[in-house]
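Just below is one structure, and these are the notes that go with it.
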Amino acid sequence: MEQLLSIDWGEIHDIITKNMFVQVLLTIIFTLILQIIVQHTVGLFVRRVVRGHRYANKVEEHKQEQTLRGILRTSVGVIIWVLAILVILTQLGFQLSTLLTSAGLIGVVVGFGAQSVIKDFVAGLFVLGENQYRVGDVVEMQVAGINFSGTVEDLTVRITRLRDLDGNLHVIGNGAAQAVTNLSYKYANVNIDIDIAYTSDIDEVEAVVNEVGQKMAKSDTWSRSIFEPIQFLRVDGFEDSGIRIKSLGRVEPAEQWAVAGEFRRRLKKEFDKHSIIFAGAGSEE
């Protein structure tokens with residue numbers, strides 16, 4: 001009888017503690033495995049959904065797939081770990097009802113100070129739902145009167161990360177953007193103004209511009225980037241130094257700067273061959 005009553009409570013406590021530790025460890029391992037499986041499944045699901053829709057080109061399809069995959073993986077990961085934490089707290093002996101009641105009271109207090117966060121979330125839902133921009137798009141954002149531009153490197157429900165040409169990373173709350181301009185949605189235009197001397201033959205200039213645009217569109221290097229060749233559009237104005245002409249073409253999103261630069265390089269060489277003088281080049285003395 002005395003042996004039965006002489007219970008080693010320390011040993012029992014150690015057993016219970018070890019058992020709790022094992023349960024918590026197994027829960028963490030199971031959560032990690034579940035997250036990997038679910039994220040892989042999400043990737044396959046997004047790929048199937050995106051490829052089930054028609055897009056203008058493969059670039060648009062890839063942008064949409066990257067955006068949706070990133071957001072869904074992040075959202076699902078947060079949900080999985082929140083549930084895992086609740087399970088772990090239960091395994092450690094906490095009363096969830098008490099915790100949830102306290103969390104509800106804290107949530108009311110925090111809610112008053114988290115209006116900007118809520119605004120970011122709501123704005124993020126509209127960005128995604130309306131397909132305003134995607135990962136890989138080049139955009140301009142106006143925030144508090146300051147303009148930020150760059151490539152969308154990451155997009156979540158709350159924030160957008162922009163990488164500009166200098167390599168700077170701008171993290172902007174989705175609700176903070178007052179205006180957004182997408183410079184690479186579906187297609188982009190190459191809009192080039194060229195100033196030529198008044199002594200130039202307009203018909204010859206038009207022929208040269210169109211020829212350069214056609215040759216460039218048919219070249220192996222640029223044919224995939226150009227949807228419609230750059231061509232002479234109109235005489236756009238008479239300036240003090242010369243005549244301004246406008247040329248226009250349609251290209252792949254985010255390729256307008258590279259295409260425009262190559263077009264100007266080729267046009268300069270052709271103008272030199274045909275003795276066409278740019279405005280202000282000293283040809284009207």
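The values are calculated or read from the model by the stated rules, or taken from the named source; none is laboratory data. Note that the structure is predicted; figures quoted are calculated from it, not measured. Heads up, the Cβs are rebuilt from the backbone with ideal geometry, glycines too, and the neighbour counts pull from every protein chain shown.
Annotation note: Cβ proximity below 8 Å between a residue of the stretch 252-264 that is closer than 11 Å to LEU183 by Cα and without any contact (Cβ under 8 Å) to a residue 60 or more places away in the chain and a residue that is of a type in the set (S, T, N, Q) and not in a helix (DSSP H, G or I) (sequence gap 6+ or interchain) occurs for no pair.
If I filter the stretch 195-208 for residues that are surrounded by 13 or more Cβ atoms within 10 Å (Cβ to Cβ) and either under 33 Å from the mean Cα position of the chain (by Cα) or within 30 Å of ASN131 (Cα to Cα) (or both), do I get at least one hit? No, that holds for no residue. Note on the stretch 134-165: residues that are farther than 24 Å from VAL251 by Cβ and part of a loop (DSSP other than H, G, I, E, B) total 5. Beta carbons closer than 6 Å, at least 6 apart along the sequence or on distinct chains, pair a first residue in the stretch 134-158 that is on the phi < 0 side of the Ramachandran plot and modelled with pLDDT under 85 with a second that is small (Gly, Ala, Ser) and surrounded by fewer than 21 Cβ atoms within 10 Å (Cβ to Cβ) for VAL157/GLY124; ARG158/GLY124.
Restricted to the stretch 117-133, and to residues there that are farther than 13 Å from ARG161 by Cβ and in a loop (DSSP other than H, G, I, E, B), the residue that is farthest from the chain's Cα centre (by Cα) is GLU130.
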